[in-house]
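The values are calculated or read from the model by the stated rules, or taken from the named source; none is laboratory data. Keep in mind the model is a prediction, meaning the values are calculated, not measured. Cβ placement follows ideal geometry from the backbone for every residue including glycine, while neighbour counts extend to all protein chains displayed.
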Amino acid sequence: MTAAAPDGSSPTRTDVELHPRRHTGTWVTMLVASLASLYASFVLAIDALRIAENPNVDLGCNINTVISCGTVAGSWQSQLLGFPNALLGLVAEPVVSTIAVASQAGVRFPRWFMVAAQVVYTIGFVFAYWLFQQAMFEIGALCPWCLLVTLATTLVFFEMTRINILDRNLSLPPRVQGALESAVRWNLDILGVVVWILVLALAVVLKYGSALFG
């Protein structure tokens, strides 16, 4: 954009707008969640290399028949695109962290950029839950690091959606936009996330029960 200097001199051109800090709690949550997911992705990537070198390697998170990173990592779902899924996290999460830090510093990215980020992360969100469903009902084992990625992805997705709703970036119909803004301002989205995470935890316990600790 172009902005005139206070003294009337030639305007300067910048690629992003600088605004007072907004959504502080949301950006901090996004940053912490993305860093947690990045760390988990790094551990999973290292484990994938160890398994490639020695398929019988005993990983530290192979606790029992249910909590078993090795079982999950040995499935075809763990390399759906022909390489370890963890590499996607190593690429995506630094971008999320950068957006969170820059925004907290006062940068406001263009609408098209935030919409693109929403679309890409929505795909990642769906992919994360597809993997969770596969682990629960097809593979029959859970990986703690994968669960951390799922949790972090959930938090980032909902926080990014919250910001895009409040900043009116999604070009929604007025009635839908108004309803979503009201829900967000009443923190109903936060309540929804908490309930959702509790439901997932309950689903895991109901399915595996005492086998989780056996």
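Observations, loosely collected:
- Leading residue by the ranking (modelled with the highest pLDDT) among those in the range 18-53 that are of a type in the set (D, E, K, R) and closer than 23 Å to residue 159 by Cβ: 22
- Checking residue 152 against (1) within 18 Å of the chain's Cα centre (by Cα); (2) small (Gly, Ala, Ser); (3) over 21 Å from residue 118 (Cβ atoms), the condition it does not meet: (3)
- Among the residues of the range 39-62, none is identified as under 17 Å from residue 124 (Cα atoms) and not in a helix (DSSP H, G or I).
- Extreme residue, nearest to residue 33 (Cα to Cα), among residues of the range 177-203 that are modelled with pLDDT under 95 and among the β-branched types (Val, Ile, Thr): 190
- Residue 133 surrounded by 15 or more Cβ atoms within 10 Å (Cβ to Cβ) and either within 17 Å of the chain's Cα centre (by Cα) or farther than 23 Å from residue 32 by Cβ (or both): no
For (1) out of contact with any helix residue (DSSP H, G or I) (no Cβ under 7 Å at 6 or more places or on another chain); (2) surrounded by 15 or more Cβ atoms within 10 Å (Cβ to Cβ); (3) free of Cβ contacts under 8 Å to residues at least 24 places away in the same chain; (4) farther than 29 Å from residue 137 by Cα, each residue gets a yes or a no:
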position	(1), (2), (3), (4)
153	no, yes, no, no
156	no, yes, no, no
170	no, yes, no, yes
174	yes, no, yes, yes
188	yes, no, yes, yes
195	yes, no, yes, no
201	yes, no, yes, no
209	yes, no, yes, no
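- Helices (runs of 4 or more DSSP H) completely within the range 63-155 that count 3 or more residues being closer than 16 Å to residue 31 by Cα and small (Gly, Ala, Ser): 86-104
- Conditions (1) closer than 30 Å to residue 209 by Cβ; (2) touching a residue at least 24 places away in the same chain (Cβ under 8 Å); (3) not aromatic (Phe, Trp, Tyr); number of the one not met by residue 97: (1)
- A single member of 212, 200, 191 is in contact with a strand residue (DSSP E or B) (Cβ under 7 Å, 6 or more places away or on another chain) and part of a helix (DSSP H, G or I), and it is 212.
- The residue that is nearest to residue 86 (Cα to Cα), counting only those in the range 156-186 that are part of a helix (DSSP H, G or I) and among the hydroxyl-bearing types (Ser, Thr, Tyr), is 161.
- Residue count for the range 103-147 satisfying the condition of being free of Cβ contacts under 8 Å to residues at least 12 places away in the same chain and more than 29 Å from residue 69 (Cβ to Cβ): 4.
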